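Trainee: Have a look at this one before I ask anything.
The values are calculated or read from the model by the stated rules, or taken from the named source; none is laboratory data. Computed from a predicted model, the values in this text were never measured in an experiment. All Cβ positions, even for glycine, are placed from backbone atoms using ideal geometry, and neighbour counts span all protein chains on display. Please note that ligands, DNA and RNA were not included when accessible areas were found on the heavy atoms of the full protein model with its side chains. Shrake-Rupley method; radii C 1.70, N 1.55, O 1.52, S 1.80 Å.
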Amino acid sequence: MSDVQGNDPRAVSVGVLKGGFGKTTTAINLARELGHRNERALLVDLDDNGHMTLILGHDDAYSGDRWGTNHTADVLLDGEDPQQYVTSVADGLDLFPSHVELEDVQSGLKEATMGTTRLKQELVDELLGEAYDYIVIDCPANRGKLNDNAMYATGNIIIPLRPENGYETGLTNTVQRLVMDAREYFDLNILSVVPTDLSTRIDQDTRDRALLREMTTREAVAKHVPNFAYLSESDWEAVDNGGYDGPLPGIRHRAAIDNANDEGVPLRDYDSECDQLVCYDELAQIVETGGVAR
């Protein structure tokens, strides 16, 4: 375990305005590595589909059966203690689960006084630095008060992208409609833009190549690409000339990642030898230090 003493506690949102881009898997494994490195991390499932909560096996919390109440409303709208609704995921990692009626909370936030500040006031400020060193929020894939709350509460965002049709729109919409709009009212930093679930060659005309070229040659984005995914112009020349001998960039598709989700555990707890853990570890370091360092 790394010694990262001296880093300030930090909250981070994991979000992209498009579904199916690896947001939840990224959030789970990022938080697990932060917990592994620092011993105290919290996941917050703010997505109304409850995908993270269900993956991690907390169906009764999502349905409302566990506590017999809409716990997200109790905390965000009524100011109850969030710790009574926290549940364990793994060593050093806990979860504040989603709820099937999270849409009702979104509606309530629209009517609430200072509705955009509730997540920060009632959960993040209560727990960050006191109960947890790091808080990772899995955001909804659409605009609204829940996303506004996540952006305001954390002031930081990690944007995952998959080599799927529409990644350009997903990235552009997230930057323009989420990040830039938020910056009209408060500071919001992009900590990293992360390519995930890559599986094909990059020396041919593949979606992996197109995604990586877009990310590493677009100046405003390239500075946020982690080192495990970054290729310089000279790297690209070597790729095209057949002389590139570095590792394949990005978080690569591995059966172990899918199997871990199926088993309801983070990757580290399913396969501690998986070669992609180094990527999530670097993401954790990016969160700890507040940005990508070349």
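Trainee: Could you list, in sequence order, the residues of region 30-51 that are under 24 Å from residue 275 (Cβ atoms) and crowded, with 24+ Cβ neighbours inside 10 Å?
Mentor: If the condition is that a residue be under 24 Å from residue 275 (Cβ atoms) and crowded, with 24+ Cβ neighbours inside 10 Å, then 30, 31, 32, 33, 34, 35, 41, 43 are the ones that fit.
Trainee: If you check residue 122 against the conditions, is it surrounded by fewer than 17 Cβ atoms within 10 Å (Cβ to Cβ) and either of a type outside the set (Gly, Ala, Ser) or under 18 Å from residue 10 (Cα atoms) (or both)?
Mentor: No, not satisfied.
Trainee: Same structure again: Would you mention how many residues in region 232-268 are exposed (fewer than 14 other Cβ atoms within 10 Å of the Cβ), in contact (Cβ under 8 Å) with a residue 24 or more places away in the chain and not in a loop (DSSP other than H, G, I, E, B)?
Mentor: Of the residues in that region, 1 qualify.
Trainee: For region 159-215, which positions are open to solvent by 40 Å² or more (accessible area, probe 1.4 Å), within 19 Å of residue 232 (Cβ to Cβ) and either free of Cβ contacts under 8 Å to residues at least 24 places away in the same chain or not in a helix (DSSP H, G or I) (or both)?
Mentor: 201, 203, 209, 213
Trainee: Please go through region 63-84 and pick out each residue that is surrounded by 15 or more Cβ atoms within 10 Å (Cβ to Cβ), part of a helix (DSSP H, G or I) and touching a residue at least 24 places away in the same chain (Cβ under 8 Å).
Mentor: Correct list: 71, 72, 73, 75, 76, 82, 83.
Trainee: From the set of residues in region 8-29 that are open to solvent by 10 Å² or more (accessible area, probe 1.4 Å) and within 18 Å of residue 126 (Cα to Cα), which is modelled with the highest pLDDT?
Mentor: Filtering region 8-29 for residues that are open to solvent by 10 Å² or more (accessible area, probe 1.4 Å) and within 18 Å of residue 126 (Cα to Cα), the one modelled with the highest pLDDT comes out as 10.
Trainee: Taking the conditions exactly as written (within 19 Å of residue 175 (Cβ to Cβ), part of a helix (DSSP H, G or I), more than 22 Å from the chain's Cα centre (by Cα) and among the aliphatic types (A, V, I, L, M)), does residue 220 satisfy them or not?
Mentor: Taking the combined requirement at face value, the residue does not satisfy it.
Trainee: Please name all residue pairs, on different chains or six or more residues apart, with Cβ atoms under 9 Å, provided the first residue is in region 85-106 and is among the polar types (S, T, N, Q) and the second residue is modelled with pLDDT of 95 or more and in a strand (DSSP E or B).
Mentor: 87/94; 87/95; 87/96; 88/94; 88/95; 98/44; 98/45; 98/138
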